[in-house]
């Protein structure tokens, strides 16, 4: 008997990244999108916001986005 698997968020992300590549996106931009997407999703932000102060939440968002951009630029520099 064959099992039917429901598509998860991971398969949707893979499809989205492959469409980025078809539209001529750089690998660094795709990596930055994948990195920042996990941090800036609404459930992740809601969980962090419920646990920390608003100023610490601002640091969380800003460092996450800056880190994703840094990783994307570094990867693009290595891959070319």
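Given the condition modelled with pLDDT under 90 and surrounded by fewer than 15 Cβ atoms within 10 Å (Cβ to Cβ), answer yes or no: does some residue in region 51-73 qualify? Reasoning before the result, please.
At the first step, the residues of region 51-73 found to be modelled with pLDDT under 90 are none.
Looking through region 51-73, none of the residues is modelled with pLDDT under 90 and surrounded by fewer than 15 Cβ atoms within 10 Å (Cβ to Cβ).
Would you be able to tell me the number of residues in region 32-53 that are within 17 Å of residue 66 (Cβ to Cβ) and either in a helix (DSSP H, G or I) or without any contact (Cβ under 8 Å) to a residue 12 or more places away in the chain (or both)?
11
I need the full set of residues from region 13-31 which are surrounded by fewer than 17 Cβ atoms within 10 Å (Cβ to Cβ) and either at pLDDT below 80 or in a helix (DSSP H, G or I) (or both), in order please. Write out each step before concluding.
Taking region 13-31 as the starting set, the residues that turn out to be surrounded by fewer than 17 Cβ atoms within 10 Å (Cβ to Cβ) are 13-16, 18-27.
Result: 13, 14, 15, 16, 18, 19, 20, 21, 22, 27.
Only one of these conditions is not met by residue 10: (1) surrounded by 11 or more Cβ atoms within 10 Å (Cβ to Cβ); (2) modelled with pLDDT under 90; (3) in a helix (DSSP H, G or I). Which number is it?
All conditions are met except number (1).
The values are calculated or read from the model by the stated rules, or taken from the named source; none is laboratory data. Please read these numbers as outputs of a predicted model, since none were measured by experiment. Cβ atoms come from the backbone with ideal geometry, glycine included; neighbour counts cover every protein chain shown.
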